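All remarks here apply to the structure that follows.
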Amino acid sequence: MAEGNFYNTVTMLKEAERYRTTNKFLDMLYSELNRSKRLMLTGLGARLTAVTSSLTEELWGVDINQGSIDRAVELTKSWNECKDKEPFRTEAIFMESKGLKPNFENYQFYLKGNIPSGLDNSFDGELASELFLHLDGAKILDILKEAHCRLKPDGKFIFTFYPSGYKNSLDAEFRKLCSDYGIDGTDFIKCDEISGDSRTIKVGKIANILKRRHDLYEKHRESYWLDLAAIRAFSEEYIQKLCKDSGFKKYREEDVTGGGMFHFAHRLAYVMVK
């Protein structure tokens, strides 16, 4: 099991404060996952670790990045220092309203590739929040297939994504940012040339232009996550096709705009079942 090495509480809080968590999304997690025996977090970090742990007897997690695991581990050690600061305060108040407490006694976090074998059909639920932002379609399909194998027959997989095709979609908001400062976004916000199902936003290249005007870069650095290299928005039809190809059926859909990494962009959460 991976242990934290690189993050202290100050660093972890500094990174986490850019996220937003809404009661609507927490209510969704509570209604779908509460009283689970075993839950999996795919894509770790500090945010949602506490509230997810409160819904289960065993919390498992997997990530490709040691730093993400370290942030989650740091939270388990410093919850009392963090619970009065956002985004954790929203989680803490929500848990208190439901009579829940974080369960950091039984967690296991692993780097991808090191997770034990023999876990098929053993999880009541799995959560991937904000993960699909960073993946292409092939990797999302792999995540969906892995989750399908791990879940019990009545298990649920919950994930968030930013759909394209809306006035306030993630790619549209970045186009607006570029337009506001006279930046030609053609080369930085691109539609998939073959399928047209995804929009790749080259955040790092946009950031490099904004850095020429230091005040603009600092003004938008945190809300637009200008320290990232690239992110993706997907059409709803494409995400639904990937789910179908992996054996999942859509059980529930919620508009969870206002939370996550880009609180100003249209954001959806799907609950999938076998």
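The values are calculated or read from the model by the stated rules, or taken from the named source; none is laboratory data. Predicted model, so just to flag it, every value in this text is computed and none were measured. Here the Cβ is made from the backbone with ideal geometry for all residues, glycine too, and neighbour counts use every protein chain on show. Quick note on the areas: whole protein, heavy atoms, side chains included, nothing else; ligands and nucleic acids left out. Shrake-Rupley method; radii C 1.70, N 1.55, O 1.52, S 1.80 Å.
Its Cα gyration tensor gives the chain an equivalent ellipsoid; the semi-axes, largest first and in whole Å, are 30, 23, 17.
Where does each of 233-241, 215-223, 37-45 land if you order them by average Cβ count within 10 Å, highest first?
Going by the mean number of other Cβ atoms within 10 Å, highest first, we get 37-45, 233-241, 215-223.
Per-residue 3J(HN,Hα) values for the stretch 180-192, derived from phi via the Karplus relation 6.51 cos²θ - 1.76 cosθ + 1.60 with θ = phi - 60°, read 4, 10, x, 9, 7, x, 4, 7, 10, 10, 10, 7, 4 Hz in sequence order (x marks Gly and Pro).
Extension gain for the segment Lys244 to Lys219, taken as residue separation times 0.36 nm less the Cα-Cα distance, is 4.9 nm to one decimal. Subtracting the Cα-Cα distance of Glu57 and Tyr181 from their residue separation scaled by 0.36 nm leaves 39.6 nm. Near Tyr251, the amide H atoms lying under 5 Å from its own belong to Val271, Met272, Val273; only residues 5 or more places off or on other chains count, and H is placed 1.01 Å from N. Using the Karplus relation 6.51 cos²θ - 1.76 cosθ + 1.60 with θ = phi - 60°, the per-residue 3J(HN,Hα) values for the stretch 113-125 come to x, 9, 5, x, 7, x, 9, 4, 6, 10, 10, 7, x Hz, with x marking Gly and Pro.
Quick one: work out Rg over Rh on the C-alpha atoms of the stretch 1-130, Rh as Kirkwood radius.
Rg divided by Rh gives 0.93.
State which entries of Lys85/Lys250; Lys112/Lys152; Lys98/Lys244 exceed 28 angstrom in Cα-Cα distance in the structure shown.
Lys85/Lys250; Lys98/Lys244
Surface composition of the stretch 52-122: carbon and sulfur make up 42 percent of the accessible area, probe 1.4 Å. Calculated accessible area for the chain comes out at 46 Å² per residue, all protein chains present (probe 1.4 Å; ligands, DNA, RNA ignored). Reported to the nearest whole Å, the Cα centre-to-centre distance from the stretch 130-177 to the stretch 61-114 is 21. Within the stretch 219-261, which residues have the backbone N less than 15 Å from the label spot 7 Å out from Asn168 along Cα→beta-carbon, could you tell me? It comes to 255-261, nothing else. The H on the amide N of Phe123, modeled in the peptide plane, is under 5 Å from the matching H of Leu151, Lys152, each at least 5 residues off or on a different chain. Principal-axis analysis of the Cα atoms of the chain puts helix 88-97 at an angle of about 40° to the longest axis.
Ignoring lysines fewer than eight residues from Lys205 along the same chain, the ones with Cα atoms less than 16 angstrom from its Cα are Lys176, Lys190. A protection proxy built from the mean count of other Cβ atoms within 10 Å ranks the segments 256-264, 123-131, 173-181, most packed first, as 123-131, 256-264, 173-181.
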